[in-house]
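The values are calculated or read from the model by the stated rules, or taken from the named source; none is laboratory data. Bear in mind that the values here come from a model prediction, so they are computed numbers and not experimental data. Don't worry about glycine lacking a Cβ; one is built from the backbone with ideal geometry, like all the others, and counts go over all protein chains shown. The accessibility values were calculated without ligands, DNA or RNA, using every heavy atom of the protein model including side chains. Shrake-Rupley method; radii C 1.70, N 1.55, O 1.52, S 1.80 Å.
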Amino acid sequence: MQKRMLFKSRWLPWALMLPQLTVVLVFFFWPAGQALLQSLQIQDAFGTAPQFVGLDNFRDLLADDNYLASFRITAVFSVLVAGIGLGVALLLAVCANRVMRGALAYRTMLIWPYAVAPAIAGILWLFMLSPSIGVLAYALRTVGIEWNQVVNPGQAMALIVMAAVWKQISYNFLFFLAGLQAVPKSLIEAAAIDGASPWRRFRDIVFPLLSPTTFFLMVVNVVYAFFETFAIVDAATQGGPGVETTILVYKVFHDGFQGLDLGSSSAQSVVLMAIVIALTIIQFRYVEKKVQY
């Protein structure tokens, strides 16, 4: 029987929720409202003389080829980060779930990258793939691959994808490992007795039971690729060469804080927020139907 909590005072529930509501209002709704207001204005470099211009900032964005190109770059980057990140994390979690000796040390090593700041992750991979001193660049040269992300757009994209995936791998790994350990062993043992191969047991039993975890991580990784990879791009490539790694969130920073075009930057942040909200709604509206809870 479900127990219902009844408060004697009608104000007590609101008082208990007040700290959380305050945090949401101050750190989400207030900045979002400011961005929406500034997207309809143009300002000087110091933001002291705003002028209302309606939707002109949005019209200018649609006429900017570099901004339209950043959509394609962000889409490619997000698909690679989410796809590779989830695939590698699932593989590592399956391996960790089978390890008997040294399991704690193995799992601890896989969790370490989550403690690294995104900017540090970008710098680490930048050093390892530096054309002159990077150990990975030297290893690639020995097999005939000349690595130079400064002039090669594909290699620059690969660099920020590897750094972003490595930074997020621990988060995905922990959720997948917890999901694997929650799979009933009786189902696996019954399938093994019936002669199902390890791959078929994973495909028909384990992976469907992991679908809620996979769906949740897919949403989190898409949001991560859109919003939280700015520091990696800034530290590793600064959007170059040219604008080949300028994803949407980095262009917001570049135009707003380096170009001092606050109106355009605010309009870009509004568009970015709308895209992420739309993607999240689509994922929950259509993809969630294929998830087995």
Q. Do we have L180 as open to solvent by less than 50 Å² (accessible area, probe 1.4 Å) and in a helix (DSSP H, G or I) here?
A. yes
Q: Could you please find all residues in the range 56-65 being surrounded by 13 or more Cβ atoms within 10 Å (Cβ to Cβ) and in a helix (DSSP H, G or I)?
A: D56, N57, F58, D60, L61
Q.
Cβ-Cβ under 7 Å, sequence separation 6+ or interchain: first residue in the range 35-53 and modelled with pLDDT of 85 or more, partner open to solvent by 90 Å² or more (accessible area, probe 1.4 Å). Which pairs?
A. L40/F52; Q41/Q51; Q41/F52; I42/Q51
Q | Those residues of the range 103-125 which are open to solvent by less than 50 Å² (accessible area, probe 1.4 Å) and either part of a helix (DSSP H, G or I) or over 18 Å from Q168 (Cβ atoms) (or both), in sequence order | A | A103, L110, P113, P118, A119, A121, G122, W125
Q.
Could you check the range 216-238 and list, in sequence order, the residues that are within 8 Å of the chain's Cα centre (by Cα), surrounded by fewer than 21 Cβ atoms within 10 Å (Cβ to Cβ) and under 17 Å from A278 (Cβ atoms)?
A. V220, V222, V223, F227
Q | Some residue of the range 76-93 being open to solvent by less than 80 Å² (accessible area, probe 1.4 Å) and farther than 28 Å from G154 by Cβ | A | yes
Q: Could you check, for the range 226-245, whether at least one of its residues is out of contact with any Leu (no Cβ under 7 Å at 6 or more places or on another chain), without any contact (Cβ under 8 Å) to a residue 60 or more places away in the chain and on the phi < 0 side of the Ramachandran plot?
A: yes
